[in-house]
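Values quoted throughout were computed directly from the atomic coordinates according to the rules given, and no laboratory measurement underlies them. Everything numeric here is computed off the predicted structure, so don't read it as measured data. For neighbour counting, all protein chains shown are included, and Cβ atoms are generated from backbone atoms with ideal geometry for every residue, glycine included.
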Amino acid sequence: MGNKLIVLLGVIVLLLFSCTEERVVEPIIDKDPVVIDKDPVVKVAAPLFNEDSAYQFIQDQVNFGPRVPNTKAHIACGDYLVNKLKGYGAEVIEQKGQVKAFNNAVLNIRNIIGRFNPQNDKRIMLFAHWDTRPFADRDNKNQGKPIDGANDGASGVGVLLEIARLIQLQKTNMGIDIIFFDAEDYGSTASNIAANQMTDDWCLGAQYWAKNPPVKDYRPRYGILLDMVGASDAVFPKEYLSMYFAQNVVEKVWKKASELGHGSLFVNQEIPSPGITDDHRYVNILAKIPSIDIIHYDMKEMDFGSFHHTHEDNMSVIDKTTLKAVGQTVTEVIYQEKP
Ligand code: AHN
Ligand code: ZN
């Protein structure tokens, strides 16, 4: 009796298995071949960042001469930036204002904002400063003369103009704002400042923007600042304030860089670099937009490169490999952000 029952159960089980096997085969034929976004492996194909183009945008800015507030070169370069952004289809807002520098000079400043897809409420903010330092206080000659600022000024803007060009060619799912801040580099000479002491005489354009918001209820998901992103042998350690305010964005960007083979530039050191007074400080603290800084900083030398704030910061330090690494990384991050 027991044996027969076991055999019967066995037959039932076999029948059930054969049924499920048939059922597995059938629906595959009807399966929708469209790949759904849920698969984390499937990434939006981002356009190719052209480093020659970015290089040319840097050269164009340097050709105007030093972009020091209250000079003709500054006005001419500002006009150029507005026209470039408009030409790539951005809605442009020019925020003009006056700020007082550490030496009491009144600076006529101009923050330039290019809005792509302005009606989209899911947004990312990309920013860089476009002014250049009025003196070469770290040089040993011609300290009183303004610098070319090929790396410190033009490089971040050049990379972002190339991204603007790409956005016109291929739509992003997120709305993108490209902001060129003025008067970042008019701060008092570093040697006058005690180590680690934060002063508010840098980043005057970003502070003005945060205190006088030109767009109501502006709440982008996050911000990425590009500062000194064009030199050969650049290294970008994770920076302290970026880690404090926007660690997830830092990890996203550094992971993307490493996937693209740029891990030797976007270094993964154990201790972050010291907190750097840069435009992202005020975007984080005053505007409360979580923001990171991609900035060249040599941890061993504790320096922004030997050419920093000297006349050596000219076109000869600009390296297309660095531009490509930074540009392609940021491009993929913004194209692959899920709205
Ligand atoms: C200071 O040296 C105070 N800040 C570094 C950020 C910077 C200077 N970016 C460009 N120039
Ligand atoms: Zn500087």
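Brief remarks on what is shown
- Amide H contacts under 5 Å for residue 131, placed H, 5+ residues apart: 183, 184
- Interchain or long-range residues, amide H under 5 Å from residue 224's placed H: 125, 126, 127, 292
- Residue exposure proxy: 276, 294, ordered by other Cβ atoms within 10 angstrom of their Cβ from fewest to most, comes out as 276, 294.
- Simple spin-label estimate for residue 83 and residue 251 in nanometres, 7 Å along Cα-Cβ: 4.6
- Between residue 121 and residue 285, residue separation times 0.36 nm minus the direct Cα-Cα distance comes to 56.9 nm.
- Nearby lysines by direct alpha-carbon distance to residue 100 (threshold 20 angstrom, same-chain neighbours under 8 apart not counted): 72, 211
- Per-residue HN-Hα couplings for the range 140-157 [Karplus 6.51, -1.76, 1.60; θ = phi - 60°; Hz; x = Gly/Pro]: 9, 9, 6, 4, x, 8, x, 9, 5, x, 5, 7, 8, x, 6, 5, x, 5
- The stretch between residue 63 and residue 173, if pulled fully straight at 0.36 nm per residue, gains 36.1 nm over its current Cα-Cα span.
- Long-range tail of P(r) for the range 253-339 (Cα pairs > 23 Å, %): 34
- FRET efficiency for the residue 217 to residue 104 pair, using the beta carbon distance and R₀ = 25 Å, is estimated at 0.10.
- Taking 7 Å steps out from each Cα toward its Cβ at residue 299 and residue 240 produces label points 1.4 nm apart.
- Evaluated at q = 0.11, 0.20, 0.28 Å⁻¹, the base-10 log of the normalised Debye intensity for the range 227-299, with identical point scatterers placed on the Cα atoms, takes the values -0.24, -0.80, -1.38.
- Pairs spanning more than 26 Å between alpha-carbon atoms, out of 300/338; 122/256; 84/324: 300/338.
- Once the C-beta distance of residue 314 and residue 52 is scaled by a Förster radius of 22 Å, the resulting FRET efficiency is 0.75 to the nearest 0.05.
- Shown in residue order for the range 262-268 are the 3J(HN,Hα) couplings computed by the Karplus curve 6.51 cos²θ - 1.76 cosθ + 1.60 at θ = phi - 60°: 10, x, 6, 8, 8, 6, 10 Hz (x for Gly and Pro).
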